[in-house]
Amino acid sequence: MTKILHLDTSPRGDRSHSRQLSRSFMDAWQAAHPSDTVIYRDLGHHPVPHVSEDWVAAAFTPPESHTPAMQEALAISDALVDEFLSVDRFVIGVPMYNFNVPSTFKAYIDQIVRVNRTFSMDYRGLVPAGKKMLVFTARGSDYSPGTPTAPYDYQEPFMRAIFGFIGVTDLTFVHAEKLNLGTEARTVSLTQAQERITSLVDTW
């Protein structure tokens with residue numbers, strides 16, 4: 001039995017393409033793997049707080065020296081890290097905003113990338129090996145390799161770098177691109193993404 005953390009990061013509702021794709025995959029996955037456990041977190045509609053000065057002070061203080069105030073400052077982060085470490089796989093729906101991820105997702109990442117929890121001071125990832133991440137993106141233009149806009153894709157490189165840093169190195173991306181380039185281009189891209197979903201249910 002596999003335990004999956006499903007994250008949606010778009011502030012949009014049913015109109016969100018990244019939500020539609022991540023949900024389509026999860027529906028198909030659960031139909032094929034009914035015994036798996038899924039934890040769902042909607043970061044777009046229920047964002048986690050950004051880190052604060054108190055958070056930083058607590059995160060870099062040894063746990064045995066934490067005051068009650070420091071424990072409170074890290075309470076949400078502790079819960080998110082525990083949840084992140086408890087699962088085997090991750091499914092994430094994430095739109096591209098200004099060439100990168102939404103701030104709601106960045107706030108979550110800042111909460112879980114923590115010294116002595118998910119990485120060590122000598123830059124070793126502390127997340128146990130073998131975890132997989134599947135990412136569904138929604139992008140207005142075409143950022144595929146070789147295109148004029150490819151250099152502006154900071155989304156996939158950032159996610160590969162930050163999650164690889166803490167130990168999650170097996171990442172698969174399904175990009176729904178050209179979503180703002182007309183009805184035909186959008187339809188083709190979304191159809192291709194759905195075809196990838198069908199394949200991934202059998203192979204991921």
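Values in this text are rule-based calculations from the coordinates and carry no lab data. The structure presented is a predicted model; accordingly, all values stated were derived computationally and were not measured. Using ideal geometry, Cβ is built from the backbone for each residue, glycine included, and neighbour counts are taken over all protein chains shown.
Average 1/r across all pairs of distinct alpha carbons in segment 129-169, invert it, and you get the Kirkwood radius: 11.6 Å.
Approximating the spin labels as points 7 Å out from Cα along Cα→Cβ, the ALA161-to-ARG124 distance works out to 2.4 nm. The label point for LYS3 and the one for PHE60, both projected 7 Å from the Cα toward the Cβ, are 3.2 nm apart. Equivalent ellipsoid of segment 107-204: semi-axes from √(5λ) of the C-alpha gyration tensor, largest first, are 30, 17, 10 Å. Counting every C-alpha pair in the chain, the share spaced more than 28 angstrom apart comes to 30%.
Calculated FRET efficiency, ASP82 and ALA185, Cβ-Cβ r, R0 45 Å, to nearest 0.05? According to the calculation, E is roughly 0.60.
Its Kirkwood hydrodynamic radius, worked out from the mean inverse distance over all distinct Cα pairs, puts segment 97-156 at 14.0 Å.
For LYS3, the lysines whose Cα comes closer than 29 Å to its Cα, not counting residues fewer than 8 places off in the same chain, are LYS106, LYS131, LYS132.
Think of each Lys and Arg Cβ as +1 and each Asp and Glu Cβ as -1; about the Cα centre, that makes the dipole of segment 33-148 roughly 460 debye.
For VAL38, the residues 5 or more places off, or on other chains, whose built amide H falls under 5 Å of its own are ILE4. Calculated FRET efficiency, TYR40 to THR147, Cβ-Cβ distance, R0 = 41 Å: about 0.75 to the nearest 0.05. Computed over the chain with a Gaussian network model linking Cα atoms closer than 10 Å, the most mobile of VAL188, VAL127, VAL94 is VAL188. Using a Förster distance of 41 Å, how high is the FRET efficiency between HIS33 and ALA69, based on the Cβ-Cβ distance and rounded to 0.05? That pair, HIS33 with ALA69, gives E of 0.45.
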